[in-house]
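Down below is the structure, laid out as structure tokens.
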Amino acid sequence: MIKRIVKLHFKEDEIDNFIKTFTENKANILSFEGCQHLELWQDTKDSNTFFTYSFWKSENDLNAYRQSNFFKKVWAITKTRFAAKPQAWSVFVR
């Protein structure tokens, strides 16, 4: 299993739009093969910073999702809302 953490820092006036996009698309993300869990976290000290936390059965499943037309479409919208470059970590569960 892979756990994926993505740090996203948004323009203040884009936070509500991002939360709406995430909420509307969460079920679609969870329906991708291998996606077993998905959460959205907001930083306690910086309300413009969010983290997505997801579990994937395999790296291949994660990569298939990231290469999908669905991801490309949602990411194209999401990245216009960033105030800083996103960061991502994939870790194996041992």
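Restricting attention to segment 1-55, the residues being free of Cβ contacts under 8 Å to residues at least 60 places away in the same chain, of a type in the set (A, V, I, L, M), farther than 15 Å from Arg81 by Cβ and in contact with a helix residue (DSSP H, G or I) (Cβ under 6 Å, 6 or more places away or on another chain) number 1.
If the condition is being open to solvent by less than 90 Å² (accessible area, probe 1.4 Å) and more than 11 Å from the chain's Cα centre (by Cα), then segment 66-91 contributes Ser68, Phe70, Ala76, Ile77, Thr80, Arg81, Phe82, Ala83, Ala84, Ser90, Val91. The residues of segment 1-30 that are of a type outside the set (Lys, Arg), within 21 Å of Phe92 (Cα to Cα) and open to solvent by 70 Å² or more (accessible area, probe 1.4 Å) amount to a single one, Met1. If I ask for residues that are of a type in the set (S, T, N, Q) and within 17 Å of Ile2 (Cα to Cα), which ones from segment 30-63 would you list? Listed by number, the residues that qualify are Ser31, Gln36, Thr52, Ser54, Ser58, Asn60, Asn63. Cβ-Cβ distances below 6 Å connect the following pairs, each with a first residue in segment 75-94 that is closer than 21 Å to Asn25 by Cα, a second residue that is in a strand (DSSP E or B) and open to solvent by 70 Å² or more (accessible area, probe 1.4 Å), and a separation of six or more residues or different chains: Gln87/Lys7.
The values are calculated or read from the model by the stated rules, or taken from the named source; none is laboratory data. As the structure is a prediction and not an experimental result, all values here were calculated from the model. Note that each Cβ is placed from the backbone with ideal geometry, even for glycine, and that neighbours are counted across all protein chains shown. Heads up: the accessible areas ignore ligands, DNA and RNA and are worked out on the full protein's heavy atoms, side chains in. Shrake-Rupley method; radii C 1.70, N 1.55, O 1.52, S 1.80 Å.
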